[in-house]
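This report refers to the structure that appears directly beneath it.
The values are calculated or read from the model by the stated rules, or taken from the named source; none is laboratory data. Keep in mind that this is a model prediction, so the values were computed, not measured. As a convention, Cβ positions derive from the backbone with ideal geometry for all residues, glycine included, and neighbour counts pool all protein chains shown.
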Ligand SMILES: Nc1nc(=O)c2c([nH]1)NC[C@@H]1CN(c3ccc(C(=O)N[C@@H](CCC(=O)O)C(=O)O)cc3)C=[N+]21
């Protein structure tokens, strides 16, 4: 039997259709959510992602604010754009596309962002709130993984999840999300220093592969019936995307999130969720202030 597909495209489309209704409701109250992006440099992949985000915004009725700088931009020039987006009332949420050029202090840029406008969930304040179980924007790819599993009825509560990777945008925060009471998974985090990765993988009910190592997850390392999510992105000599999961895994697993077509579209959908929720929070705070005053 071949695995069923965790269909990120279809799930993202359903999320977007729900958001379209919520955006219309905000507009009725005089609020138009707007997503800002700052792209530094002209990497074609990064440009492609950023353009995709603005296409998504147009689909659900969110406004777009696009800012670009050349790859020779200085720390100060980047920070000036961040300050401008912080102050810009049309921009209710924004992202600084990563990675930034060599020599730029990325954490300083992220810390300068208004946390109320953090659409990526990667601001230190947002990550701190996640640790503290407070509400706030969630990191897009990790939350995309959770929503993709939920949408397909894959049991998370009590499951043993093995995450491979410890990058800031994905690997580090997935255990924080999945071990919340609302998810109740048990999580093992593996990385390049893990001694016997295969032994850990064979225990997993759910594998989240975010290492960026081509075909790292082999069929013989997967427990029959497991769910395997491919979040790894590398490129072959022709520039085609190659994931972390060997194609043969489809013959062993019960569920597979392919790459492309799995978690990627969910990342983009969650970005829109964060923008809409930030606008909803701001609207609720404004209404509270009005009644209090
Ligand atoms: N501040 C910031 N936030 C990010 O969220 C961010 C970033 N920087 N830098 C780069 C990574 C990468 N990323 C992807 C988003 C969507 C797809 C996606 O939709 N992929 C499609 C198509 C893939 C293709 O064909 O190229 C798919 O998986 O089906 C992929 C990758 C967001 N990132």
Checklist entry - Of everything in segment 250-293 that's within 17 Å of residue 215 (Cα to Cα) and surrounded by 24 or more Cβ atoms within 10 Å (Cβ to Cβ), which residue is nearest to the chain's Cα centre (by Cα)? => result 263
Checklist entry - How about segment 148-184: which of its residues are in a helix (DSSP H, G or I), in contact (Cβ under 8 Å) with a residue 12 or more places away in the chain and over 14 Å from residue 131 (Cα atoms)? => result 148, 149, 151
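Residue-by-condition table, conditions (1) closer than 30 Å to residue 181 by Cβ; (2) modelled with pLDDT of 95 or more; (3) within 12 Å of the ligand (Cβ to nearest atom):
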site	(1), (2), (3)
53	no, yes, yes
73	no, yes, no
79	no, yes, no
127	yes, yes, no
Checklist entry - If you go through segment 167-182, how many residues are over 17 Å from residue 231 (Cβ atoms) and either within 16 Å of the ligand (Cβ to nearest atom) or surrounded by 17 or more Cβ atoms within 10 Å (Cβ to Cβ) (or both)? => result 0
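Any idea which residue in segment 239-249 is nearest to the ligand (Cβ to nearest atom), counting only those that are in a helix (DSSP H, G or I) and surrounded by fewer than 15 Cβ atoms within 10 Å (Cβ to Cβ)?
Looking at residues that are in a helix (DSSP H, G or I) and surrounded by fewer than 15 Cβ atoms within 10 Å (Cβ to Cβ), I get 247.
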Checklist entry - In segment 190-206, is there at least one residue being over 17 Å from residue 8 (Cβ atoms) and within 21 Å of the chain's Cα centre (by Cα)? => result yes
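Does residue 198 satisfy the criteria of being within 14 Å of the ligand (Cβ to nearest atom) and free of Cβ contacts under 8 Å to residues at least 24 places away in the same chain? First the steps, then the outcome.
Working: within 14 Å of the ligand (Cβ to nearest atom): no; free of Cβ contacts under 8 Å to residues at least 24 places away in the same chain: yes.
Here the answer is no, as residue 198 does not meet what is asked.
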Next on the checklist: Whether any residue in segment 274-292 is away from the ligand (no atom under 16 Å from the Cβ), touching a helix residue (DSSP H, G or I) at 6+ places or on another chain (Cβ under 7 Å) and not in a helix (DSSP H, G or I) is what I want to check.
Outcome noted: no
Next on the checklist: So, residue 251, is that one touching a residue at least 24 places away in the same chain (Cβ under 8 Å) and either outside the structural domain of residue 160 (by TED's automatic domain parsing) or under 30 Å from residue 94 (Cβ atoms) (or both) or not?
Outcome noted: no
Checklist entry - Going by the structure shown, is residue 164 buried (at least 24 other Cβ atoms within 10 Å of the Cβ), at pLDDT 95 or above and within 16 Å of the ligand (Cβ to nearest atom)? => result no
